[in-house]
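What follows is one structure encoded as structure tokens, with my remarks underneath.
The values are calculated or read from the model by the stated rules, or taken from the named source; none is laboratory data. The shown structure was predicted, so the numbers you read here are calculated from the model rather than taken from an experiment. A quick note on method: Cβ atoms are made from the backbone with ideal geometry, for glycine too, and the neighbour counts reach across all protein chains shown. Ligands, DNA and RNA are excluded from the accessible area calculation, which covers all protein heavy atoms including side chains. Shrake-Rupley method; radii C 1.70, N 1.55, O 1.52, S 1.80 Å.
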Amino acid sequence: MLTLITKLRNILSRWWSEFTLQTKLMAAATLAVSLLMSGFTFWAVNSIQQDARLNDTRFGSDLGLLLAANVAPLVADHNLSDLALFTNRFYNSTENVRYLIYADPNGKIVYGIPYSEAEVQNSLTIERRITPPDDYNPAGFFPVAKQHLTPNGEITDVFVPLHQNDEYLGILVVGINPNATVVASSNLTRDVTLAVFVFIWVMVILGGVFNALTITRPIKELLDGVKNIAAGNFEQRIDLPFGGELGELIVNFNEMAERLASYEEQNIEELTSEKAKLETLVTTIADGAILLDTDLKIILANPTARKIFHWDEKSIIGTTVLHHLPASVTTQITRPLHQIAAGENLDSDFLIEHHAVQGNAEEIIRGNEFKITLEDMVDNVAEATTIRILLTEVLDKSKINVRGIAITVQDITKEAELNKAKSQFISNVSHELRTPLFNIKSFIETLHEYGDDLTEQQRQDFLETANNETDRLTRLVNDVLDLSRLESSRVYRLDEVDISQPIEQTLRTHQLNARDKEITLTHELATDLPMILGHYDLLLQVLTNLVGNALKFTQAGGCVSVRAYPVPHDPERVRIEISDTGIGIDPEDQEAIFDRFFRVENRVHTLEGTGLGLSIVKNIIDKHNSRIHLISEVGIGTTFWFELNVAQGTPELQLLDNPNHVQDQSIEVSSN
């Protein structure tokens, strides 16, 4: 039996699969409509039956009250003969009454018609007693009705309490037959509905069989053929003996397949070449490129995008892009992606919200362009990468429907750092310029307004202070210009330089200052120092800044030394050291000592400067393809040192500052 059921189910499943989608939809719609109409019909029949039941209840209640009023005196007098005579006459004159039963207050049946006193048998009088409903109230005057089913239909029982002079006499039960016309009409309606339902489905099944035999098969063959064509099998042909429109459709399909096969042979080489060009272009572009369909699934991702989002080891094609993006990216572009895929414009509420979230650090440029900072862990160190994401909709030929979304990802970390450095530089310059300008203006205004009231000494002091502030402002402007020139793309020619000459010139310049501060200024130059490759004026500026700083931060009785000697393990390089026995530099300051406008005196609060000297030194040494190093200990002293290449042969013109090259900002500390 189980095998037979399984075979039958397989046959039905195979037969159902032969139908087209339209046929299945039509069958489903027919089923839905037929069930809806059948349900409505049965609902209407039930409503009619409910109304009829309600009418029977009302009729029985009114009839019971009328009868109770007439028989109550007879029951009170125990006049059973007159009660039976009146009840019999009443029963015979009313067609809808099924039976009339009287019971005493204990429920014992006293009399019933069409039942005799000796034998009263029905479903309501088991053991010659009547059990009233739970809501029956003997002390009340209102009848209670309920229904029960019998082989001859549904009967409405009305329980009427009998009272005479406020004395409870018993129960009168009136059985009401259902309305014959309503019952017949309901049964007819139900039968007709079932017949129509069966007829509809017989017609549907017959139509489905006819459809499968005459239409579904060729359409299915055509569908399989189209799928094969779409898969690139242009050798697909359909051979079915059909005429009319179906036959013409089959012939046209075969002709189309032949033409496509011909086009494939002619254009496959060209298409392959164009595809290879496109793939090469997408692969080699510097920006990340991701192509999505309208379901936000990845169709293409070039190596740059895979590297930015760490997808190198992942299989992401065909998966949803939101499952693979970092959380910071997903949070910001999920809503715009869904809006673009749905063909909607980015709403202004989102743009305002996005701008508020990003603030000044990560500003939105346009509705479909975002700047986002990614946090990555490299060797247990957090590194921030700033990217720009551009969302572009891919439209069809009509430029109306969205076919996909192109995501362009650019690594703008260097650009963001440069912008930040530029903003910080402008802010620092403005701050540094404000103080001397304010002091100059204040003293000049005082001299202008109260000059006659001041003593000669006060005027001289004011003028001297204004002059010192002017010198400070001049130094600051010169340092800024020097630093700007060094950080530009200017070309410097490196020539052969005798390093001893700028060292001796620097010592002569600072000798008087060192004597005034009671600091010993010495130099130790190795004999037969080779010529180095450098720029004399720039190297002189480096030595001047370093020696000047050493004198500034060295106490009276200290020592500042300048040394130059070939590097022991690399004779092609010469090392220059500037050492002092000054206050030293805290380790926490050593990492920022070469930053612009950073001053150690900010912490010691004793000396003043522009904060650009060491930054200029670093840039000059960078121009010489070297690095500035330092070693320092608080209270012991500081040593700055750098190495220069030995000049060999004819000097070369070198472009050492490339605008596309970012210098390494790390600080190296050596114990040598």
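In the stretch 395-418, the residues that are free of Cβ contacts under 8 Å to residues at least 12 places away in the same chain and among the acidic types (Asp, Glu) form Cβ pairs under 9 Å with partners that are assigned to a strand (DSSP E or B) and open to solvent by 40 Å² or more (accessible area, probe 1.4 Å), at six or more places apart or across chains, as follows: Asp396/Arg403.
If you check Leu74 against the conditions, is it free of Cβ contacts under 8 Å to residues at least 60 places away in the same chain and surrounded by fewer than 17 Cβ atoms within 10 Å (Cβ to Cβ)? Talk me through it step by step, then tell me what you get.
On the way: free of Cβ contacts under 8 Å to residues at least 60 places away in the same chain: yes; surrounded by fewer than 17 Cβ atoms within 10 Å (Cβ to Cβ): no.
Against the criterion (free of Cβ contacts under 8 Å to residues at least 60 places away in the same chain and surrounded by fewer than 17 Cβ atoms within 10 Å (Cβ to Cβ)), Leu74 does not qualify.
Of the residues making up the stretch 88-111, those that are closer than 21 Å to Pro132 by Cα and free of Cβ contacts under 8 Å to residues at least 60 places away in the same chain number 4. Identify all residues within the stretch 74-113 that are out of contact with any strand residue (DSSP E or B) (no Cβ under 6 Å at 6 or more places or on another chain) and aromatic (Phe, Trp, Tyr); write none if there are none. Phe86, Phe90, listed by residue number.
Among the residues of the stretch 515-524, how many are within 17 Å of Arg563 (Cβ to Cβ) and at pLDDT below 90?
The first filter runs over the stretch 515-524 and keeps only residues within 17 Å of Arg563 (Cβ to Cβ), leaving 519-524.
This time we only want the ones that are at pLDDT below 90, so: none.
Of the residues in that region, 0 qualify.
Considering only the stretch 154-172, I want to know if a residue exists there that is modelled with pLDDT under 75 and open to solvent by less than 40 Å² (accessible area, probe 1.4 Å). Reasoning before the result, please.
Step one: filter the stretch 154-172 for residues modelled with pLDDT under 75, giving none.
No; the residues of the stretch 154-172 include none that is modelled with pLDDT under 75 and open to solvent by less than 40 Å² (accessible area, probe 1.4 Å).
Considering the stretch 565-608, and only residues there that are over 20 Å from Gly637 (Cβ atoms) and among the hydrophobic types (A, V, I, L, M, F, W, C), the residue that is modelled with the lowest pLDDT turns out to be Phe597. Among the residues of the stretch 49-61, none qualifies, meaning not one is over 30 Å from Thr193 (Cβ atoms) and open to solvent by 60 Å² or more (accessible area, probe 1.4 Å).
A quick yes/no check of all residues on (1) modelled with pLDDT of 80 or more; (2) among the hydrophobic types (A, V, I, L, M, F, W, C); (3) at positive phi:
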residue: Leu63; (1), (2), (3): no, yes, no
residue: Ala69; (1), (2), (3): yes, yes, no
residue: Pro73; (1), (2), (3): yes, no, no
residue: His78; (1), (2), (3): yes, no, yes
residue: Ala84; (1), (2), (3): yes, yes, no
residue: Thr94; (1), (2), (3): no, no, no
residue: Gly112; (1), (2), (3): yes, no, no
residue: Pro143; (1), (2), (3): yes, no, no
residue: His148; (1), (2), (3): no, no, no
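The residues of the stretch 294-323 that are open to solvent by less than 40 Å² (accessible area, probe 1.4 Å) and on the phi < 0 side of the Ramachandran plot, listed by number, are Ile298, Ala301, Asn302, Thr304, Ala305, Ile308, Phe309, Trp311, Ile316, Thr320, Val321, Leu322.
Mind listing just one residue for me: the one in the stretch 414-459 that is within 30 Å of Lys371 (Cα to Cα) and hydrophobic (A, V, I, L, M, F, W, C) and, of those, modelled with the highest pLDDT? Outline the logic, then answer.
Filtering the stretch 414-459 down to residues within 30 Å of Lys371 (Cα to Cα) leaves 414-431.
Narrowing the set further to residues that are hydrophobic (A, V, I, L, M, F, W, C) leaves 416, 418, 421, 425-426, 429.
Working: Ala416: 76, Leu418: 72, Ala421: 67, Phe425: 66, Ile426: 70, Val429: 67.
Checking each candidate, the answer is Ala416.
Within this structure, Ala257 fails the test of being modelled with pLDDT under 75 and either out of contact with any strand residue (DSSP E or B) (no Cβ under 7 Å at 6 or more places or on another chain) or closer than 19 Å to Gly404 by Cα (or both).
Quick one: in the stretch 528-564, of everything that is outside any helix (DSSP H, G or I) and hydroxyl-bearing (Ser, Thr, Tyr), which residue is modelled with the highest pLDDT?
First pass over the stretch 528-564, keeping only residues outside any helix (DSSP H, G or I): 528-535, 553-564.
Filter once more, keeping what is hydroxyl-bearing (Ser, Thr, Tyr): 554, 561.
Details: Thr554: 90, Ser561: 94.
My answer is Ser561.
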